[in-house]
Amino acid sequence: MSLPAKDFGKFMTPEEQDGFEQLLRSMTDMSQSSPGSQRIVLQKTYDVSGHTITSWRSIDFFYKKNPCPLPTQARGFFTSSLDNVEGKPRIYARGYDKFFNVNEVPKTKWDWIRANTQGPYEMTIKEDGCLILVSAIDETTLLVTSKHAIYVPHSEMASVWVDKHLALAGRTREELAVFMHERNATAVFELCDDSFEEHVLEYPEETRGLYLHGINHNTPELITWVSEDVACVAEQFGFRKTGLYKFDTMDEGKALADRVRDDKMFNGRAIEGFVVRCRVGSKPYMFKIKYDEPYLMFYEWQKITSKIISDKPYRTRYAMSEPYARWVKKEIRLHPEAFISFGTKGVIRTRKRFLKYYEETNSGTPIEVETVMPKLLLVPVATIGCGKTTMGHALSKLFGFAHVQNDNIRSKRQGRELFNKEIIESLDVNDLVFADRNNHLRVMRQSLTNAVYAEHPSCYQVALYWSHNKDSVEQILETTGERVSKRGEDHQNFVASLPNVRQILQHFVGGFAPVDIDTDADQLFHSVIELDPLADAETTLVTIIDGLCNAFPQTISRPSSEEIQAALQDALHYKPAILYSQAVGTPLEKRFKSKKDKKNKNKKAEIDDDFVILSED
């Protein structure tokens, strides 16, 4: 096999260069945060052999949005700065565009794939390691990075392996640098080395190293080489090749994937899954097929162990995960020394010991156990007037969600604890629960999700996130204020006649803490459904239904349009059993006074983060 020629490279046209510079400006803008929003792009700058190189990383959540708001969907994106002293700004290294598992997003459902993609369909085995990018700074200098960083253990170990592979092939780093530089390309590898870091699947010594699975041009838009050319480069430079299977139709490829799913093995070993490359029109399209058994179940066990070691809560999806968690807790207590380096070593040994224990004490085979569908809690993250209660009532009518309203809790003292208690008690007797509260502060979310986890550790907790990233504060205040005004007195607590309504709304919007599943407060959310606070009720309800049907197809069945409309109309006409105007003479009077109370003229709105109350001037 001969190497692709020099003119195989793709360089930016003047128009593409202008677009790339605008992309960098947009990335820079998005790396800045503002009140009520979060940074959705992160950057870090390195000095590499006298060259200033910036790594850009976007929050994963935003890749799933349609349309994607990010300037680029590349994961692993290293560039010069806009004011590059060496000339025009350039891309030093580029990974793939973010791609998703089958059924993870609407555009990876089989029906969409069949209707919109074209062959040939290249299926490569998805090796289980860490992503490595290798490109050239110039004709003599290689750049070796992890997915998002330089000068970290993963990139340094990958650099060692680059030298090993090149030596075996009789090649040098300079030869590889010339090859990559002339073609303006980035080689994409999987580093699989259990002596350095164990993942889920085992790699014996003879199978370790760098697996070359893709080569991308260093251009803003993804241009990726066909797999045969990638395999040729791997062969010429001594890298490991990934298994390649090519089909004319997707159904042929799916048949292979289904056989592997049934057998739980491929060519005598467990695999993580396949990466599929095809096209949508003239553009490349990629998606992945990952296997629950054994890979994702083993991966969950690894995560459970790490959480237990760190004394943090964990989620379970698989029935076998509960007995594993009980077993590993005991092992950590009895043999703590065996788990000191669990982040990098001991993953495979621990799993093998559990499987042996289980098979000795049970008649079933662990990896044949079916998954279980746990309870489901929906947690709004919003501010006043977004439509939380309307959604709660509509979802209750459509799917039977138990609807727990914070506004019905009459005691201000220990309000959060009482709300948490009501949610837990509702989950005791219901599989589906809607936690109707703003949950706009991280402390609220952490308190609730941790309390639920303590009593129902397998419960799926999903954030319904009315994001402030798209709309301005003024737009949100105007729209939600109009909704509060329209509902008038039809609310338990917050009514249009309260003094300083605008001030109260501003308080909640100003204190709004965005969802970030990488924080302790939000780490227990299984998934996040993003919503627009300016959208109408029907759009919001359909978005929630779509998200739930995609995430929980075995639990949530899509209702008809007629059923959705009926539930929505019922919810829009809902009035609470106890209104603000009926609060006089009840425990609610301690939190609110009737608008007819003549003393109100000497009162102003006082706000805390659970309730709105009236207090003396």
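Below are the figures for this structure:
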| read-out | value |
| --- | --- |
| Residue within the stretch 304-320 that is closer than 17 Å to Glu202 by Cβ and in contact (Cβ under 8 Å) with a residue 24 or more places away in the chain present | yes |
| Residue count for the stretch 236-281, restricted to those that are part of a loop (DSSP other than H, G, I, E, B) and either charged (D, E, K, R) or touching a His at 6+ places or on another chain (Cβ under 8 Å) (or both) | 6 |
| Residue under evaluation Val48, criteria (1) in contact (Cβ under 8 Å) with a residue 12 or more places away in the chain; (2) within 17 Å of Arg25 (Cβ to Cβ), criterion not met | (2) |
| Flag if Asn66 is on the phi > 0 side of the Ramachandran plot and surrounded by fewer than 21 Cβ atoms within 10 Å (Cβ to Cβ) | no |
| Among the candidates Ile340, Ile384, Ile304, residue that is under 30 Å from Asp407 (Cα atoms) and of a type outside the set (Lys, Arg) | Ile384 |
| Test: Tyr245 is more than 19 Å from Leu131 (Cβ to Cβ) and either among the aromatic types (Phe, Trp, Tyr) or touching a strand residue (DSSP E or B) at 6+ places or on another chain (Cβ under 6 Å) (or both) | yes |
| Among (1) assigned to a strand (DSSP E or B); (2) touching a helix residue (DSSP H, G or I) at 6+ places or on another chain (Cβ under 9 Å); (3) buried (at least 20 other Cβ atoms within 10 Å of the Cβ) - the single one Val233 does not satisfy | (1) |
| Count - residues of the stretch 318-353 that are of a type in the set (Phe, Trp, Tyr) and more than 16 Å from Lys307 (Cβ to Cβ) | 0 |
| Residues of the stretch 175-208 classified as within 30 Å of Lys352 (Cβ to Cβ) and either touching a Lys or Arg at 6+ places or on another chain (Cβ under 6 Å) or not basic (Lys, Arg) (or both), total | 19 |
| Some residue of the stretch 218-229 being buried (at least 21 other Cβ atoms within 10 Å of the Cβ), within 31 Å of the chain's Cα centre (by Cα) and under 28 Å from Lys303 (Cα atoms) | no |
| Verdict on Phe247 being modelled with pLDDT of 90 or more, out of contact with any Leu (no Cβ under 7 Å at 6 or more places or on another chain), within 30 Å of Val230 (Cβ to Cβ) and crowded, with 18+ Cβ neighbours inside 10 Å | yes |
| Where a residue in the stretch 15-27 is in contact (Cβ under 8 Å) with a residue 40 or more places away in the chain and its partner, wherever it lies, is of a type in the set (Val, Ile, Thr) and surrounded by 15 or more Cβ atoms within 10 Å (Cβ to Cβ), with Cβ under 7 Å and at least six apart | Glu16/Thr219; Leu23/Thr72; Leu24/Thr79; Met27/Val41 |
| Meets criteria (at pLDDT 95 or above and over 30 Å from Gly346 (Cα atoms)) for Val275 | no |
| Candidate set from the stretch 396-413 (those that are at pLDDT 90 or above and in a loop (DSSP other than H, G, I, E, B)); member that is farthest from Asn438 (Cα to Cα) | Gly400 |
| Qualifying residue in the stretch 414-429 (condition: of a type outside the set (Val, Ile, Thr), at positive phi and surrounded by fewer than 17 Cβ atoms within 10 Å (Cβ to Cβ)) | yes |
| Positions within the stretch 532-546 being touching a residue at least 60 places away in the same chain (Cβ under 8 Å), in a helix (DSSP H, G or I) and within 14 Å of Asn66 (Cβ to Cβ), in sequence order | Asp546 |
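The values are calculated or read from the model by the stated rules, or taken from the named source; none is laboratory data. Just so it is clear, the structure is predicted and the values come from calculations on it, not from any experiment. Cβ atoms come from the backbone with ideal geometry, glycine included; neighbour counts cover every protein chain shown.
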